[in-house]
Structures are given as structure tokens and as C-alpha cells.
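Read the structure below first, then the notes.
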Amino acid sequence: MSATSSAIKRLKKRREFLYVAKGTKAVRPGVVIQARRRGGDLSCGIGFTATKKVGNAVIRNRAKRRLRETARLLLPLHGQPGFDYVFIARAATPDREWPKLLEDVETALLSLAPSEAVGKAENKPERP
């Protein structure tokens, strides 16, 4: 496990979201995830957002609930300590099939992981 649920903090302020927006991002059909290394702290930060393009308030809230659940399941497995993540709902998020949404989030988190962390997880031998 890379990050534990006790070490996950919620991002709530606009400046925290803007800080993460300057980092890297992974775009998938069901979600966009932004990530950026946090300074000095090994805790993991997480925030959720959905624009009006997603739908009305009921649909946006459903999309954010689904993203919160995917983060609860997958961030402890694939999240990196010391990183902040912002999950952005897309138009497909509220109606996307659950296994596909989980796959979208998992592949996005893996692609955002630093290359040295991915290499250690896969136990690849180093080339001479």
C-alpha cells in the first residue's frame, strides 16, 4: 500500500486545486485526474470537482459520489505518498459502467505514478 486512508487529506480550498492543476494529468473517458507532489508532507491530498457541463446538481453530485468511492477503493493501492490528486468528473462519469470507471481511475493513477515507483512495483530488473 502506498497511502493509507488515515494519511489522506481532503483538498477544500481553491488555491489547493489550482496548485494541483499545475502538475501532471491523466485523461480517461470517465475521469480526469490531476496530480502534483506536495512539499515536505508525506500525506496524500484528494479533491473532487464536477463542472456544469456534467449536468445539473443532482447529476454532478452523483458523479462526485462515484469518484469518491473509486478513490476510496484505489487510492490506498495506487496513490503515491506526498502527492495531491484532483478527480474531475466528465460527462460520461455519472453513467459509465462501474468496472469501466474503476479501470479508468486505476490506469490514470498508474500513469501518474513516478517512473521509479512503477519500476519498483513491477520488480523489473535493471539493464547493465
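Since every read-out is calculated from the coordinates, none of them should be taken as a lab result. Only a predicted model underlies this, so the values are computations on that prediction, with no experimental measurement involved. With ideal geometry, Cβ positions are generated from the backbone for all residues, glycine too; neighbour counts draw on all protein chains shown.
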Considering only strands (runs of 3 or more DSSP E) wholly within the range 7-82, the ones with at least 1 residues that are in contact (Cβ under 8 Å) with a residue 60 or more places away in the chain and among the hydroxyl-bearing types (Ser, Thr, Tyr) are 24-27
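Out of curiosity, is Tyr85 within 16 Å of Ser111 (Cβ to Cβ) and either surrounded by 15 or more Cβ atoms within 10 Å (Cβ to Cβ) or of a type in the set (Asp, Glu) (or both)? Break it down stepwise before answering.
Working: within 16 Å of Ser111 (Cβ to Cβ): yes; either surrounded by 15 or more Cβ atoms within 10 Å (Cβ to Cβ) or of a type in the set (Asp, Glu) (or both): yes.
Yes; evaluated as a whole, the condition is true for this residue.
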